[in-house]
Amino acid sequence: MSNNRRPAYLPIAIIAVVIIAITAAVIMWFKPDITRVDPENPVSNALADESESTLSTALNSGQVVQTTSAQNQSPFVTGLEGLPRSLTGTQVDGEIIIDENKQLVVTEGLRRLFDYFLSSLGEEDEAVIFARVESYIRHHTPEPAASQAVAIFDQYITYLKAIPEIEQRYGNLQLQAAKSGELDLNVVAQKKQDVAKLRQQYFTKETITAFFSAEDEYDDYSMEMVRIDQNQQLTDVQKEATRQNYISRMPDNTIKASITQQANLNELMNRTTQMQAKGATAQEFYNMRRDLVGAPAAARLAQVDAEDANFAQRFDQYQAQKQRLLNQSTDKVQIQNQINQVEQQLFNEAERKRLSGYAALQQQNIANLE
């Protein structure tokens, strides 16, 4: 099965995202009575993102390509001939959707399709990529949807070329804020406004919503989490309550689900550490995990606990036998051969690769307790 190339969007509130360390999520938006046009995958392909900043920088080094090329002038027919190395063996990501009148229905998946091909910037010239994308669209899409999609791709490239100017305008201010440990949310908000104005210059409201609504929603969440964290008038308990209140008021979509899942995982790790310190029983761990992540995940984690405990027991046995061998002989070659035999008796090949790292971790834990 081929690998799927998955570049990642860089949110506008990038520093905020880094500070709160929560993985971005992307939502899909569909309209009723639509037909998918994607011979690579009639359903939609896997989600993929691309760094807006990275694409902007790469594109900014060239000239804007206009949609003037005729199909018979293109070196491509399907757009998939002679793919660059980075795309070879991957599935085309994204989608082209049309309605019953063969009009284009703009979705976030169309942006993913553009970004899939644009991710090869540097391996291929911009003009080649444009010709490839145009050929792909026209080969797989009827008119007038094909021309509509090509026109939006041209607008998207032009938009990406304009992004670096805004990045440069606010970059130094954000860097200074990061060095001081405080993120200036006013700067971030102003930057978002400038980007929003830029989008309005190139895209319709429908396209802006489809391409950027998920990104904007996550940016708003990120900024709010930073704003709460920087509020010195709130206690830690109040901050947590405020965070949960904000999340509860978010619309029910995949972004909220991802954020909730991440919050549950963070809580899971915190509670696990606390319960380990208190010597909680296996049943207590299971009950806590079941409440946070569900019974199937709790059962899997219980199995992992059992495997870890078994490994730890065998490791202690190994360490004891190893030390006994070291105390009994001065023949280093003989000792090492005997130690190797013990390792093979107690551990499989994969486990033996873990021994040195596990021993170092054990030493570090002991040092932390002293």
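Coordinate-derived values only; no laboratory data. Predicted, not measured: the structure shown is a model, and the values here were computed from it. Cβ coordinates were reconstructed from backbone atoms using ideal geometry, including for glycine residues, and neighbour counts include every protein chain displayed.
Here each label is just a point 7 Å from Cα along the line to Cβ, and for ASP291 and ASN365 those points are 2.5 nm apart.
Loop-located GluC sites (Glu not before Pro) in the range 70-119 (DSSP state other than H, G, I, E, B) with a sparse environment of at most 16 neighbouring Cβ atoms within 10 Å: GLU81, GLU100. With a cut-off of 16 Å on the backbone N, the residues of the range 325-365 near the modelled label site 7 Å out from ARG314 along Cα-Cβ are 340-359.
Projected area of the range 274-369, taken from the Cα convex hull and averaged over every viewing direction, in nm²? Working shown, then result.
Details: hull surface 31.8 nm².
Mean shadow area of the hull around the Cα atoms is 7.9 nm².
Within the range 332-360, which residues have the backbone N less than 16 Å from the label spot 7 Å out from LEU326 along Cα→beta-carbon, could you tell me? In the range 332-360, the label zone of LEU326 (backbone N under 16 Å from the point 7 Å along Cα→Cβ) covers 332-343, 355-360. The order of ILE97, ILE339, going from fewest to most other C-beta atoms within 10 Å of their C-beta, is ILE339, ILE97. Counted by neighbouring Cβ atoms within 10 Å, the residues ARG300, ARG289, ARG112, ARG249 run from fewest to most as ARG249, ARG300, ARG289, ARG112.
The ranking of PHE203, PHE117 from fewest to most other beta carbons within 10 Å of each one's beta carbon is PHE203, PHE117.
Protection proxy ranking for 83-93, 259-269, 237-247, 321-331, using the average of other Cβ atoms within 10 Å per residue and placing the highest first: 83-93, 259-269, 237-247, 321-331.
Scaled against 2.2 N^0.38 Å for its residue count N, the alpha carbon radius of gyration of the range 123-248 is 1.42.
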